[in-house]
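Working notes for the structure below.
Nothing in this text is a laboratory measurement; each read-out follows from the coordinates by a stated rule. What you see is a predicted model; the values in this text were computed from it and never measured. Note that we place each Cβ from the backbone using ideal geometry, even for glycine, and neighbour counts take in every protein chain shown.
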């Protein structure tokens, strides 16, 4: 019986992640909304809710990688499996999953952390001097961070909205359907 609950929980988590990833594909047509995506919220959500953490890493990396292929095609007109930023983005979101896996209980303080972690990790890693076109100096890094603020602002807005949908929706669903609770929660 418990295997069935875990499987149903995982299936629901996977379907939620896939459904919300589709929202990432909708922003490519609207340059002003560039990076207004659910990917950061998905990363931390996966880290928090998947009991088997390899599934959290697999979900974010697969959904990011596949949706990135579609987005890159939309911008360039040709199919590309890898861009110069793919590795660094995957690293960012893997770090976010790891941080999410450390979260044991959801409350208001953790909610603020959930909102801020993905964008902070992405901002600090993606603007490193060897990742960007800015000079490999501390000044170049600072300049890159400043130039990235509008882009990261959109990511923060996406994390707030999609994080509220993901976390709020799943917490509400867990309160109504015990099959969505983890084994640890059922044991309490």
Can you give me the distance in nm between label points at residue 33 and residue 82, each placed 7 Å from the Cα along the Cα-to-Cβ direction? 3.2 nm
Calculated FRET efficiency, residue 66 and residue 143, Cβ-Cβ r, R0 30 Å, to nearest 0.05? 0.35
Which residue fluctuates the most in the chain, going by a Gaussian network model with Cα springs under 10 Å, if the choices are 170, 45, 162? 170
Taking the chain as a Gaussian network, where each spring joins two C-alpha atoms under 10 Å apart, which residue of 160, 48, 70 fluctuates the most? 70
Centroid-to-centroid separation of the range 83-161 and the range 49-73 [C-alpha atoms, Å]: 16 Å
Please compute the modelled spin-label separation between residue 73 and residue 107, points set 7 Å along Cα→Cβ, answer in nm with one decimal. 4.7 nm
With 20 Å as the cut-off, how large is the P(r) tail for the range 1-159, expressed as percent of Cα-Cα pairs? 53 percent
